[in-house]
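Participant: Okay, handing you the structure first.
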């Protein structure tokens, strides 16, 4: 796994040059955005169980056959495996967001995932849909803008992210990691 600093060192070493110019400015920007990055990761991690359960429930609502006899979320042990896998994907997305680099997501989560799911008979269309739902939820939590109408009494706002762009760059970065997962499954 490489973080932004390690990647800059490896790149500079490959060029046999010192870190400077644009690479150094990018690292300075990464440091300056550090607290917002930590807040974004905390917003996702603090709401992870809700994100995962809502994503799987949304996937099932759209495909009731998953919980019928013979479906991929039937019996309970398969449902538990589905929830576990969604939680793992979300956790690795937060690791990538924290590091500012997708290598941990690629190496530890996505490498061979499509083949494993194919061997187990997991429907990738349903899995992709659950990831899409988690992507939307993560964006809402990073922006500290979860849906009050849907959350009701369970609404949980972080209250720590107050910026005029509502962390648009971090939302885009997190979305790109979810898109990597979707691409790996498709």
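The values are calculated or read from the model by the stated rules, or taken from the named source; none is laboratory data. Source: prediction; values computed, not measured. As a convention, Cβ positions derive from the backbone with ideal geometry for all residues, glycine included, and neighbour counts pool all protein chains shown.
Participant: It is to be established whether one or more residues within the range 51-66 are surrounded by fewer than 20 Cβ atoms within 10 Å (Cβ to Cβ) and farther than 24 Å from residue 138 by Cα.
Facilitator: yes
Participant: Is it fair to say residue 91 is under 20 Å from residue 7 (Cβ atoms) and modelled with pLDDT of 95 or more?
Facilitator: Criteria not met by residue 91.
Participant: Taking residue 70 as the residue in question, decide whether it is in contact (Cβ under 8 Å) with a residue 60 or more places away in the chain and at positive phi.
Facilitator: no
Participant: Next question. Picking from 107, 23, which residue would you name as being out of contact with any helix residue (DSSP H, G or I) (no Cβ under 8 Å at 6 or more places or on another chain), part of a helix (DSSP H, G or I) and either touching a residue at least 60 places away in the same chain (Cβ under 8 Å) or surrounded by 12 or more Cβ atoms within 10 Å (Cβ to Cβ) (or both)? Before you say what the answer is, go through the steps one by one.
Facilitator: Values: 23 fails: out of contact with any helix residue (DSSP H, G or I) (no Cβ under 8 Å at 6 or more places or on another chain).
Exactly one of 107, 23 is out of contact with any helix residue (DSSP H, G or I) (no Cβ under 8 Å at 6 or more places or on another chain), part of a helix (DSSP H, G or I) and either touching a residue at least 60 places away in the same chain (Cβ under 8 Å) or surrounded by 12 or more Cβ atoms within 10 Å (Cβ to Cβ) (or both), namely 107.
Participant: Which number in (1) without any contact (Cβ under 8 Å) to a residue 60 or more places away in the chain; (2) assigned by TED's automatic domain parsing to the domain that holds residue 169; (3) within 23 Å of residue 171 (Cβ to Cβ); (4) touching a helix residue (DSSP H, G or I) at 6+ places or on another chain (Cβ under 7 Å) marks the one condition that residue 49 misses?
Facilitator: Result: residue 49 passes all but (4).
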